[in-house]
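Written out below as structure tokens is the structure these notes cover.
The values are calculated or read from the model by the stated rules, or taken from the named source; none is laboratory data. This one's a predicted model, so the numbers in the text were calculated from it and none came from an experiment. Here Cβ is always computed from backbone atoms with ideal geometry, including for glycine, and neighbour counts include all displayed protein chains.
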Ligand code: GLU
């Protein structure tokens, strides 16, 4: 059997917090237990929120925690042309369609619906407005430079899939089981954004395959997204890794930690004199 390959894949939209430390340490522990290799991937597709100091910060914070990654480090912003090719290949097969709706337009359409179905993150499923645009209309809008995302035509995509689509799930000791995936609950999800030729979902499945990732270890907040990831892997002919979704570190109110909520960063803890060993101990890695 070939050597397992794992990755820790933070987004440099802020400084890392204890939740990232827990995820990175869990990856490192499982990689060690499985005799695997641990890679680092910088998920910097959000050009508006990525900042050079956050990228440098994540290298510094991980090194401070004593974590080592094998080279090379992959940066998603260097691979937009590969994601664009994958997006275009799916669009050419009519598995994606351009969507010109603004958030406001979608909210207004959804408000008029009698029943609203929501995706696993709580957002209303896209009502399909642009799925029914004529070819001429689409061409005219694109030629006029109208900003657009690319959405999955979920019905067309699911028609290409053997039922049921499965996720390989593994426990930290490496024992695997197979569970069914239900990508339909994401509806016509955005697969490529307006500003960049990818979304988190497309880039993550592309890169996991490109980097030969055999075992994905990440937080439970991304567990439901795996349904969509195995669908994309199937459509793109990519291998599907085994997945382990670990528990989340929560704040005193029970919410998961988040940069956007100003959760204390590893850099703050370090500046206040906390040692890396204390962080490890606090997170159960003594
Ligand atoms: N970049 C994602 C995040 O920081 C993690 C992606 C993944 O592990 O699949 O939440």
Counting only strands (runs of 3 or more DSSP E) wholly inside segment 146-242, the ones holding at least 2 residues that are more than 20 Å from residue 117 (Cα to Cα) are 149-152, 166-170, 176-180, 215-219
Expected single match for touching a strand residue (DSSP E or B) at 6+ places or on another chain (Cβ under 6 Å) and assigned to a loop (DSSP other than H, G, I, E, B) among 110, 116 is 116
Checked segment 223-232 for anything under 15 Å from residue 189 (Cα atoms) and within 11 Å of the ligand (Cβ to nearest atom); matches are 225, 226, 229
Restricting to segment 173-182, and then to whatever is away from the ligand (no atom under 16 Å from the Cβ) and touching a residue at least 24 places away in the same chain (Cβ under 8 Å), can you tell me which residue is nearest to residue 4 (Cα to Cα)? 174
So residue 246 fits all but one of (1) at pLDDT below 95; (2) within 11 Å of the ligand (Cβ to nearest atom); (3) in contact with a helix residue (DSSP H, G or I) (Cβ under 7 Å, 6 or more places away or on another chain); what number is the exception? (1)
Given 189, 144, which one is buried (at least 19 other Cβ atoms within 10 Å of the Cβ) and more than 22 Å from residue 7 (Cα to Cα)? 189
Name the residue that is farthest from residue 3 (Cα to Cα), counting only residues in segment 192-208 that are out of contact with any strand residue (DSSP E or B) (no Cβ under 9 Å at 6 or more places or on another chain) and within 13 Å of the ligand (Cβ to nearest atom). 200
Report the residue count in segment 18-65 for those that are outside any helix (DSSP H, G or I), surrounded by 21 or more Cβ atoms within 10 Å (Cβ to Cβ), touching a residue at least 60 places away in the same chain (Cβ under 8 Å) and under 18 Å from the mean Cα position of the chain (by Cα). 3
Failed item in (1) away from the ligand (no atom under 14 Å from the Cβ); (2) surrounded by 16 or more Cβ atoms within 10 Å (Cβ to Cβ); (3) part of a loop (DSSP other than H, G, I, E, B), with residue 83 passing the rest: (3)
When segment 259-283 is examined, which residues are found to be part of a loop (DSSP other than H, G, I, E, B), touching a residue at least 24 places away in the same chain (Cβ under 8 Å) and out of contact with any strand residue (DSSP E or B) (no Cβ under 8 Å at 6 or more places or on another chain)? 283
Inter-residue pairs, beta-carbon under 6 Å, first closer than 13 Å to residue 46 by Cβ and modelled with pLDDT of 95 or more and in segment 196-219, second part of a helix (DSSP H, G or I) and within 12 Å of the ligand (Cβ to nearest atom), 6+ apart: 203/76
Criterion first (assigned to a helix (DSSP H, G or I) and more than 16 Å from the ligand (Cβ to nearest atom)) does residue 88 satisfy it? yes
Which is farther than 24 Å from residue 24 by Cβ and surrounded by fewer than 20 Cβ atoms within 10 Å (Cβ to Cβ), of 284, 237? 237
